[in-house]
Amino acid sequence: MYLVSKFLVPNGYVAITLFPVIILKNKYLKKDVVLLNHEKIHLRQQIELLIIGFYIWYVIEFLIRILKYKAWSEAYLNISFEREAYQNENNLDYLKSRSLFTFFRYL
């Protein structure tokens with residue numbers, strides 16, 4: 001399910017996934033298959049960690065990464081969930097063959 005809202009997506013980002021919705025900053029992004037694949041990877045991660053577990057893990061891992069890298073963007077890009085999603089967003093068949101808890105490989 002997609003929702004378009006420039007107010008719900010944080011500045012500097014074009015989309016955010018809050019299970020079960022992918023929120024896009026602009027409606028033209030509905031045609032960006034790579035972006036949508038990235039966000040669908042996050043949906044799968046959220047399901048695996050029973051949704052709330054994903055958000056708790058995400059925040060904790062971000063805080064650890066910000067202490068390590070001391071830069072918001074570098075911390076964000078090194079979160080295991082983001083690393084998995086960015087490295088596989090161009091593979092539109094990725095979710096068909098993805099194993100459970102694959103994000104562990106990106107820790």
message: Which numbered condition in (1) out of contact with any helix residue (DSSP H, G or I) (no Cβ under 6 Å at 6 or more places or on another chain); (2) without any contact (Cβ under 8 Å) to a residue 12 or more places away in the chain; (3) within 16 Å of E82 (Cα to Cα) is the only one that V34 fails?
response: (2)
message: Condition first: of a type in the set (A, V, I, L, M, F, W, C), in contact with a Lys or Arg (Cβ under 7 Å, 6 or more places away or on another chain) and over 17 Å from F81 (Cβ atoms). Can you find one or more residues in segment 59-70 that meet it?
response: no
- line: All conditions in (1) in contact with a helix residue (DSSP H, G or I) (Cβ under 8 Å, 6 or more places away or on another chain); (2) assigned to a helix (DSSP H, G or I); (3) of a type in the set (A, V, I, L, M, F, W, C) are true of I22 except (2)
- prompt: Hey, among the residues in segment 51-96 that are closer than 22 Å to F19 by Cβ and small (G, A, S), which one's surrounded by the fewest Cβ atoms within 10 Å (Cβ to Cβ)?
  reply: G53
message: Just to be sure I understand, how many residues within segment 82-107 are among the hydroxyl-bearing types (S, T, Y) and under 25 Å from Y13 (Cα atoms)?
response: 4
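Laboratory data are not the source of any read-out in this text; all were calculated from the coordinates shown. Predicted model only: the values in this text are computed from it and were never measured. Heads up, the Cβs are rebuilt from the backbone with ideal geometry, glycines too, and the neighbour counts pull from every protein chain shown.
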